[in-house]
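Here is the structure we will look at, set down as structure tokens.
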Amino acid sequence: MNIEVIGSGSAFSLARNTSSIRVESQRGEQWLIDCGPTIPRALWRRGLGINELDVIYFTHIHPDHCAGLPALLNQWHSFGRDKPLTIVCQSAQRPLLNSLVALACWPDERCCFDIQWLDTQDHFIWRHWQVSTAPTIHAMPNRAIRIELDGQRLFYSGDGRPTPASEALMPGVDHAFLECAMLTPSESHGDLEQSLALAERLSLPRLWLYHCFDEHIPMIIERIQAYPNVALSEDGLYLN
């Protein structure tokens, strides 16, 4: 499994792309997790081909996690993508995403490639990818995701405070990406102290904090220096 951080920033970050990662299997299959407004250009700068991504998984449909979808699909449509795309999302959130797909191909009636919709489930298998999801506490219903692939395990929280169900996806993972917007607790975002407590309690080998508010990043960096298994995620980070 190869993991590339396309974006690690919060919704209105001035310095970082909106939060998103790309996951690639040893067979070359590729998933994109979330697609906020700055993600299409970040992918184009990396030279990503129009037929390379197989699946886009949406943790939830706040704009910083889905507003880049029309631009990305429009580029694929304009340059003749011919490979089917699977979009995985919560069933209640599909209508809004479907409207973004329609915008991407307007005024054509449909994209030049097939789009297959898959509802998010607690557990499912896509080819040889074993996937589990669970809700977090967020203003918009959000589903954290665990991927088991090629003998490795990945956790990505999306947005929100952890729940017992989402925490249950974290033990045994090689890399955990946890939303940590700020230093102190809030109603619908992760915070630093909770994140550090999770890293210790679950003995996580590597915890990557992301979606941090710009103004909190210097203090977060200073605080995590005492935790060798905790780091701040960065745009362009590549893990295998």
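Here is how the numbers come out for the structure above:
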{"read-out": "Options F155, F113, F124; residue that is free of Cβ contacts under 8 Å to residues at least 24 places away in the same chain, crowded, with 17+ Cβ neighbours inside 10 Å and more than 19 Å from G36 (Cβ to Cβ)", "value": "F155"}
{"read-out": "Any hit, segment 72-85, residues being at negative phi and touching a strand residue (DSSP E or B) at 6+ places or on another chain (Cβ under 7 Å)", "value": "yes"}
{"read-out": "Which listed residue is among the small types (G, A, S), out of contact with any helix residue (DSSP H, G or I) (no Cβ under 8 Å at 6 or more places or on another chain) and either farther than 24 Å from I33 by Cα or without any contact (Cβ under 8 Å) to a residue 40 or more places away in the chain (or both), from A231, A168", "value": "A168"}
{"read-out": "Cβ-Cβ under 6 Å pairs, at least 6 apart or on other chains, segment 88-106 side among the small types (G, A, S), far side buried (at least 19 other Cβ atoms within 10 Å of the Cβ)", "value": "A104/P70; A104/L73"}
{"read-out": "Residue list for segment 184-240, restricted to those being of a type in the set (V, I, T), within 30 Å of L43 (Cβ to Cβ) and out of contact with any Cys (no Cβ under 6 Å at 6 or more places or on another chain)", "value": "I217, I221, I224, V230"}
{"read-out": "Segment 129-147, residues that are in a loop (DSSP other than H, G, I, E, B) and in contact with a Lys or Arg (Cβ under 7 Å, 6 or more places away or on another chain)", "value": "T136"}
{"read-out": "Which numbered condition S186 fails, given (1) modelled with pLDDT of 95 or more; (2) hydroxyl-bearing (S, T, Y); (3) out of contact with any Asp or Glu (no Cβ under 8 Å at 6 or more places or on another chain)", "value": "(1)"}
{"read-out": "Filter result for the condition that a residue is closer than 20 Å to I224 by Cα, of a type in the set (A, V, I, L, M, F, W, C) and over 14 Å from the mean Cα position of the chain (by Cα), over L202, L209, L149, L178", "value": "L202"}
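The values are calculated or read from the model by the stated rules, or taken from the named source; none is laboratory data. Model, not experiment: these values are computed from the prediction. Heads up, the Cβs are rebuilt from the backbone with ideal geometry, glycines too, and the neighbour counts pull from every protein chain shown.
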